[in-house]
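Asks: Could you have a look at this structure, given as structure tokens, before my questions?
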Protein chains: 2
Amino acid sequence: MQVRALPPTTVARLPGYLRSLGGLASEGVLTTSSEQLAELVGASPAQLRKDLSYLGAGGRRGVGYEVDHLRKQIAQALGMTEERRFVIIGIGNLGHALATYTGFSDRGFVLVGLFDADPEVIGTTVGGHAVQDVAHLEDVVTAADASIAVVATPASVAQATTDRLVAAGVTGVLNFAARTVRVPDGVDVREVDLGSELQILGFHARQRAGAPAAPVESVEPVPDPTA
Amino acid sequence: MQVRALPPTTVARLPGYLRSLGGLASEGVLTTSSEQLAELVGASPAQLRKDLSYLGAGGRRGVGYEVDHLRKQIAQALGMTEERRFVIIGIGNLGHALATYTGFSDRGFVLVGLFDADPEVIGTTVGGHAVQDVAHLEDVVTAADASIAVVATPASVAQATTDRLVAAGVTGVLNFAARTVRVPDGVDVREVDLGSELQILGFHARQRAGAPAAPVESVEPVPDPTA
DNA sequence: TCATGTGAACTCCTTCACAGCT
DNA sequence: AGCTGTGAAGGAGTTCACATGA
């Protein structure tokens, strides 16, 4: 046996590892260490070794990891050995950018359909794909056997759209709509709310401005003046 | 005293709570319960109460939370009582979409500058803002007192751009570039890698296809056949 | 000698369950 | 009676530190 159960946190870090390994490979590096790779991805060497050990990564003690082998190993764990087809629903500003984003195809994902509900948008070509009427969503998802969908619709229709996608056989949803969507067990959702990301940064900016909240990691251990 | 220290996980959930509360408010709902709100955001009631208790949320036992008061409380915790100015660097497909994305201004963030290095892009107008030469980055960040930056540059210049931003006084960076950026203590980064998000979904898709890895949550508690 | 692999300690987060107000 | 607030229990993830093997 090789792989048992990967903690979700480990899975979430694997793409980053793979990215950095790709960088090393393109520089002609053949072997790396947990310390070097950790530095590149911004993690601790111990965490990296623990993560890789779940994969049965096959590092050599005293030597390190073979870059190429490690890449294959992670790619396999992430299911990149098979082709994954995906669709994008909602071709507004964000959907448009996502449709032309090279980061998806770079990683082996194949875009098989763009959909929108706006007659003005339907029929236009974006990134080499004609935008189709969202009414035909199920047909395409089924015919192309798409397992992943990117939802970039207005918040008001995000849930209904997701329900349709799931009914059509999609098992993974990347949701950019400003609304949390519910899915049945066995289906996976990742919520990406760009506004929330800024707000989280805003929280920390507030801390720095001297607001009464979370402990600010001061460089020097200042003695508590209230003590 | 009111607020002490918010766990990072709690901070990350607050924007979602705020979003759902906004929905309730627009429906004219005056009071809510941890159970109702938890259902909306997809969390457990206990977690919600715990999170809100860190804020000194002021729910009434036997009654619930006053929607309007709670919104103010969370908004304050997130530093939304002050205006936050931000800039976007890299006006490619993604940067373009981000510049016209309404989710930022909806939440009180004020865009004060767009930057790019491409002469073809510099001078064009996107979302009512003229794209400026990235050479002038520091001037604008300083003059407008921008505390947050959105990095949507090619990976190759993401680190250098971030360094410049930090030197100019930015304390929060939202990084979309396909490379992890390093920042000094006291500066906050959030990495959003869209390709990674799909890959994480790809992992789970692979599980479902019957791959030898993580435990699939089966609907029925199947007895272990190896026992 | 060197860097991995890994049990164990530790820290953090979540869930539980009920006391405490309204 | 009802729902929050919260110690305490439980679970998960991270870090430590060293045995292990090249």
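Asks: Normalised radius of gyration for the stretch A:84-195, please: alpha carbon Rg relative to 2.2 N^0.38 Å, two decimal places. Please report the intermediate quantities before stating the final value.
Replies: Details: Rg = 12.6 Å, N = 112, 2.2 N^0.38 = 13.2 Å.
Taking N as the residue count of the stretch A:84-195, the ratio is 0.95.
Asks: Another question, if that's okay. Select the chain A residue whose beta carbon lies nearest to the rotation axis carrying chain A onto chain B, and write the distance in whole Å.
Replies: So the chain A residue sitting closest to the axis is A:A97, 2.
Asks: Further, regarding this structure: Projected onto the charge dipole of the stretch A:84-195 (+1 at Lys/Arg Cβ, -1 at Asp/Glu Cβ, origin at the Cα centre), which of A:F104, A:V150, A:G90 gives the Cα projection farthest towards the positive end?
Replies: Working it through, the farthest residue towards the positive pole turns out to be A:F104.
Asks: Hey, for B:H136 with labels 7 Å out along Cα-Cβ, what do the inter-copy distances come to in nm, ordered shortest first?
Replies: 4.6
Asks: Can you compute the modelled spin-label distance between B:A5 and A:V29, with each label point 7 Å from Cα toward Cβ, in nm?
Replies: Using points 7 Å along Cα→Cβ, the separation is 3.4 nm.
Asks: Once you have a ≥ b ≥ c as the square roots of the Cα gyration tensor eigenvalues for the protein assembly as shown, tell me rounded if a/c is under 1.5, and otherwise prolate or oblate according to whether a/b is larger than b/c.
Replies: On the way: a/c = 1.19, a/b = 1.14, b/c = 1.05.
Rounded, because the longest to shortest axis ratio a/c is under 1.5.
Asks: Are there GluC sites (Glu not before Pro) in the stretch A:24-82 that DSSP puts in a loop and that have at most 10 other Cβ atoms within 10 Å, and which ones?
Replies: Details: sites: A:E27, A:E35, A:E39, A:E66, A:E82; in loops: A:E27, A:E82.
Within the stretch A:24-82, the qualifying GluC sites (Glu not before Pro) (loop, at most 10 other Cβ atoms within 10 Å) are A:E27.
Asks: Report the charge-dipole magnitude of the stretch A:8-77 in Debye, nearest 20, computed about the Cα centre from +1 at each Lys and Arg Cβ and -1 at each Asp and Glu Cβ. Could the numbers behind the result be given before it?
Replies: Values: 8 positive and 6 negative charges, 44 e Å.
The calculation lands at about 220 debye.
Asks: Let me ask you something else. Between the stretch A:99-148 and the stretch A:43-68, how far is it from one alpha carbon centroid to the other, in angstrom?
Replies: 38 Å
Asks: Mean separation of Cα pairs under 8 Å and 6+ residues apart, divided by the residue count of the stretch A:10-157: what relative contact order is that in percent?
Replies: About 21 percent, as a whole number.
Asks: Length gain on complete extension for the stretch B:T142 to B:S156, per 0.36 nm per residue less the alpha carbon to alpha carbon distance?
Replies: Answer, rounded to one decimal: 2.6 nm.
Asks: On to the next question. Where nothing but the Cβ of Lys and Arg (+1) and of Asp and Glu (-1) is charged, how large is the charge dipole of the stretch A:84-195 around its Cα centre, in debye to the nearest 20?
Replies: Value, rounded to 20: 260 debye.
Asks: Could you give the length gained on full extension between A:T125 and A:Q47, defined as 0.36 nm per residue of separation minus the Cα-Cα distance, in nm?
Replies: On the way: separation 78, 0.36 × 78 = 28.08 nm, distance 4.45 nm.
Using 0.36 nm per residue and subtracting the Cα-Cα distance, I get 23.6 nm.
Asks: Could you work out how far helix B:67-77 tilts from the main Cα principal axis of chain B, as a 0 to 90 degree angle to the nearest 10?
Replies: 50 degrees
Asks: Semi-axes of the equivalent ellipsoid of the stretch B:8-77: what are they in whole Å, largest first, if each equals the square root of 5 times a C-alpha gyration tensor eigenvalue?
Replies: 15, 13, 12
Asks: Rounded, prolate or oblate: which fits the stretch B:57-127 when a ≥ b ≥ c are the square roots of the eigenvalues of the alpha-carbon gyration tensor, with rounded for a/c under 1.5 and prolate only if a/b beats b/c?
Replies: prolate
Asks: What nm distances, shortest first, do you get from the label point of A:K50 to those in the other copies when the point sits 7 angstrom along Cα to Cβ?
Replies: 1.9
Asks: Give, rounded to the nearest 20 debye, the magnitude of the charge dipole that chain B has about its Cα centre when Lys and Arg contribute +1 at Cβ and Asp and Glu contribute -1 at Cβ.
Replies: 700 debye
Asks: Shifting gears a bit: If a/c stays under 1.5 just call it rounded; otherwise compare a/b with b/c (prolate if a/b is bigger, oblate if not). Do that for chain B, with a ≥ b ≥ c from the square roots of the Cα gyration tensor eigenvalues.
Replies: The shape class here is oblate.
Asks: Provide a whole-number value for the mean count of partner chain Cβ atoms within 10 Å of the Cβ atoms in peptide A:92-102.
Replies: Values: counts 4, 9, 7, 1, 5, 11, 4, 1, 5, 7, 4.
Mean partner-chain Cβ count within 10 Å for A:92-102: 5.
Coordinate-derived values only; no laboratory data. What you are looking at is a predicted structure, and each value in this text was computed from that prediction instead of being measured. Methodologically, a virtual Cβ is constructed for each residue, glycine included, from the backbone with ideal geometry; neighbour enumeration extends over all protein chains shown.
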